[in-house]
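Input: a single structure, listed below in structure tokens.
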Amino acid sequence: MFKVLFVCLGNICRSPMAEFVVKDLVKKQGLEQEFQIESAATSSEEVGNGMHYGTRAKLEEKQIRYGEKKARKLVKEDYEKFDYILGMENSNIQNIHKIVGEDGKNKVYRLLDFSQNPRDIADPWYTGNFDVTFDDVLEGCQAFLEFLKKGEK
């Protein structure tokens, strides 16, 4: 089983978007039983809040099912619980390291580092552009699943 945790600043926009996109992709491939997929935040600002309305609207537009999601903060214990901890941008990666410590087991990556064009995923909380964020999240999620299929790690 692959245990995957997506992480962004508040856990209301990008990381839950990635969580539900991957859940949708693995369900369509009949691989649901092979994955545990969650998301978390590096800050406490939004803990307990639901997903941003822009994220919900984009998932609905793309006919991606999502459940009740409340933001939670990444904790040190998550490092042992998950196989992959995927941040959305470099600042997330820095904050992940501050919370979990050293990445001795090589579990922490930026989501788009698996793509052909590694880069940060812009935070739509600030940009207001959920279309670009969704496209980047989808690209990263598809590339990550391809990485897993190849068995590179």
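Read-outs: derived from the displayed coordinates by stated rules, not from any lab. The model shown is predicted, which means the values in this text are computed figures rather than measured ones. FYI the Cβ positions are ideal-geometry reconstructions off the backbone, even for glycines, and counts take in every protein chain you see.
For the stretch 30-47, the Karplus equation 6.51 cos²θ - 1.76 cosθ + 1.60, evaluated at θ = phi - 60°, returns couplings of x, 10, 3, 5, 8, 9, 10, 10, 9, 8, 7, 10, 8, 10, 9, 3, 10, 3 Hz by residue, with Gly and Pro reported as x. Short-range pairs are left out: with C-alpha atoms under 8 Å and at least six residues apart, the relative contact order of the chain is 26 percent. Of the beta bridges in the chain, as assigned by DSSP with both residues counted there, near 5 percent are antiparallel. Computed over the stretch 75-153, the percent of Cα pairs more than 21 Å apart is 32. In this structure, the amide hydrogen of residue 87, modeled 1.01 Å from its nitrogen in the peptide plane, lies closer than 5 angstrom to those of 7, 109, 110, 111, counting only residues at least 5 positions away or on a different chain. Over the chain, DSSP H runs of length four or greater, each weighted -39,500 (n - 2.57), average out per residue to a 222 nm ellipticity of -12500 deg cm²/dmol. Remark on residue 72: its backbone amide H falls under 5 Å from those of 41, 48, a criterion applied only to residues 5 or more positions apart or on other chains, H modelled at 1.01 Å from N. Taking 0.36 nm per residue of separation and subtracting the Cα-Cα distance, full extension of the segment from residue 53 to residue 3 would add 15.3 nm. Each residue of the stretch 96-111 is assigned a 3J(HN,Hα), and the resulting list reads 4, 4, 5, 7, 8, x, 4, 9, x, 9, 6, 9, 9, 9, 7, 4 Hz, derived from the Karplus form 6.51 cos²θ - 1.76 cosθ + 1.60 (θ = phi - 60°), x at Gly and Pro. For a test of the definition: using alpha carbon positions, the gyration tensor, and the 1.5 limit on a/c, classify the stretch 2-150 as rounded, prolate or oblate. Taking the square roots of the gyration eigenvalues as a ≥ b ≥ c, the stretch 2-150 is rounded. If R₀ is 25 angstrom, what is the calculated FRET efficiency for the pair residue 28 and residue 94, using the beta carbon separation as r and rounding to 0.05? The calculated FRET efficiency here is 0.15. A cut-off of 5 Å between modelled amide H atoms, ignoring neighbours fewer than 5 places along the same chain, links residue 2 with 35, 36. Backbone geometry of the stretch 76-81 corresponds, through the Karplus equation with coefficients 6.51, -1.76 and 1.60 at θ = phi - 60°, to 3J(HN,Hα) couplings of 3, 5, 4, 4, 7, 6 Hz, x marking Gly and Pro.
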